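Scroll down for the structure; my scribbles are underneath it.
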Amino acid sequence: MRYKIALCLFLILSCFSFNSFSQAYKNEFGFKSDNDAYLFYGQDRYYTNGLMLFFRRATDQHKLGEKLEKFTYEITAGQKMFNPQSGAAGKISQQDRPFAGYLYAGGSANFFYKKENILKTTLELGTVGPSALGEDAQKLLHKTVGFYPIDGWQYQVKDKLSANLTVQYTSLLHRSEYGKIDFSFEGYANVGTTFSGAGAGILMRTGNINQLFQSAYTNSTIGYHPKTAKLVTEETFFYAKPQLNFVAHDGTIQGKTLNEGRAYELKKIVFAQQIGFNYSSKRFTFDFGLLFKTKEVKDIIHAHQYGTISMFYRFN
């Protein structure tokens with residue numbers, strides 16, 4: 001009798017373990033919000049606001065080759081707004097970079113390999129200029145929350161259609177013996193009518209972390225018939241990523257402006273430091289990060305920094 005009970009318990013636990021391993025949510029929806037107000041400095045300048053919506057879906061992993069752990073695709077839409085040193089810089093003499101809006105929609109194909117290499121390709125189509133509705137969005141935001149009146153968009157970048165292609169590559173360099181800290185290489189290159197350039201950096205994560213093909217940091221927590229078990233069921237980690245960027249073209253800075261606004265000289269080398277915290281359960285992800293950048297325009301008055309908040313929900 002005891003052997004039958006033991007056998008039943010073994011079968012129940014085996015089924016539970018199998019279900020826990022195989023259960024995965026293949027869809028993910030969420031948003032990312034960027035704003036320099038998240039630093040509580042009282043500033044309102046440069047890349048002052050961004051709002052992006054995302055939908056991701058994982059394909060059947062059993063149909064992939066041996067080297068490929070996971071393939072996902074992503075659809076996104078967003079708007080970004082750029083100011084001079086203030087959203088109330090109504091005179092050309094006060095503007096150290098142009099007002100600009102960027103409105104776009106895009107799609108990504110994401111390849112996650114068993115050796116923890118990731119290849120991501122993204123195509124974005126949209127517009128910069130008045131058609132991007134940056135002025136309307138910022139005036140509405142300031143009126144809603146009771147901020148100061150906006151002035152200066154009459155000198156914003158002119159309308160121009162935007163098409164941009166980005167290729168990003170990530171590769172694990174080292175993970176500690178107990179899996180609590182790892183280092184990865186991240187590099188990207190983009191070419192397009194609005195953004196062109198390249199960059200490379202080193203990502204460090206520490207805490208309860210998953211493989212790069214299972215992690216909230218790489219937006220790979222979704223899956224469909226997963227091949228490999230996660231290292232942890234919930235991720236809680238801090239991360240840091242210093243990155244060096246070469247900027248060949250930025251249409252939000254170099255684009256022709258309305259009403260004979262001034263021209264701006266781009267700085268080709270920009271250093272960025274990103275730090276943040278991430279928590280991810282089976283269904284939810286929350287991420288808060290800070291990004292500090294050196295000056296992006298030759299005559300710009302300040303260096304730049306802003307905060308970013310991301311939240312995602314997974315479902316079938």
Of all residues in the range 188-203, how many are in a strand (DSSP E or B) and closer than 15 Å to residue 122 by Cβ? 10
Considering only residues that are hydroxyl-bearing (Ser, Thr, Tyr) and at pLDDT 95 or above, look in the range 48-77 and name the one that is nearest to residue 195 (Cα to Cα). 76
Going by the conditions given, is residue 228 in contact (Cβ under 8 Å) with a residue 24 or more places away in the chain, surrounded by fewer than 19 Cβ atoms within 10 Å (Cβ to Cβ), in contact with a helix residue (DSSP H, G or I) (Cβ under 7 Å, 6 or more places away or on another chain) and over 17 Å from residue 171 (Cβ atoms)? no
Yes/no for residue 239 being outside any loop (DSSP other than H, G, I, E, B) and either charged (D, E, K, R) or surrounded by 14 or more Cβ atoms within 10 Å (Cβ to Cβ) (or both): yes
Condition broken by residue 298, with the remaining ones in (1) modelled with pLDDT of 95 or more; (2) out of contact with any Pro (no Cβ under 9 Å at 6 or more places or on another chain) satisfied: (1)
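Taking the residues in the range 254-273 that are among the polar types (S, T, N, Q) and touching a residue at least 40 places away in the same chain (Cβ under 8 Å) as candidates, determine which candidate is nearest to residue 230 (Cα to Cα). Steps first, please.
Step one: of the range 254-273, the residues among the polar types (S, T, N, Q) are 254, 257, 259, 273.
If we keep only those that are touching a residue at least 40 places away in the same chain (Cβ under 8 Å) as well, we get 257, 259.
Details: 257: 50, 259: 56 Å.
Per the stated criteria, the residue is 257.
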For residue 256, only one of the following conditions fails: (1) crowded, with 16+ Cβ neighbours inside 10 Å; (2) within 24 Å of residue 104 (Cα to Cα); (3) not β-branched (Val, Ile, Thr). What is its number? (1)
So how many residues does the range 265-310 have that are among the basic types (Lys, Arg) and either in contact with a Cys (Cβ under 7 Å, 6 or more places away or on another chain) or surrounded by 15 or more Cβ atoms within 10 Å (Cβ to Cβ) (or both)? 3
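Only one residue in 281, 310 is of a type in the set (S, T, N, Q), more than 21 Å from residue 85 (Cβ to Cβ) and without any contact (Cβ under 8 Å) to a residue 60 or more places away in the chain, so which one is that?
On the way: 310 fails: without any contact (Cβ under 8 Å) to a residue 60 or more places away in the chain.
One residue alone meets the criteria, 281.
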Hey, can you tell me all the residues within the range 21-44 that are of a type in the set (D, E, K, R) and at pLDDT 90 or above? 26, 28, 32, 34, 36
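The values are calculated or read from the model by the stated rules, or taken from the named source; none is laboratory data. Since we're looking at a predicted model, the values are computed, not measured. Neighbour counts are summed over all protein chains in view; Cβ atoms, including those assigned to glycine, are modelled from backbone coordinates with ideal geometry.
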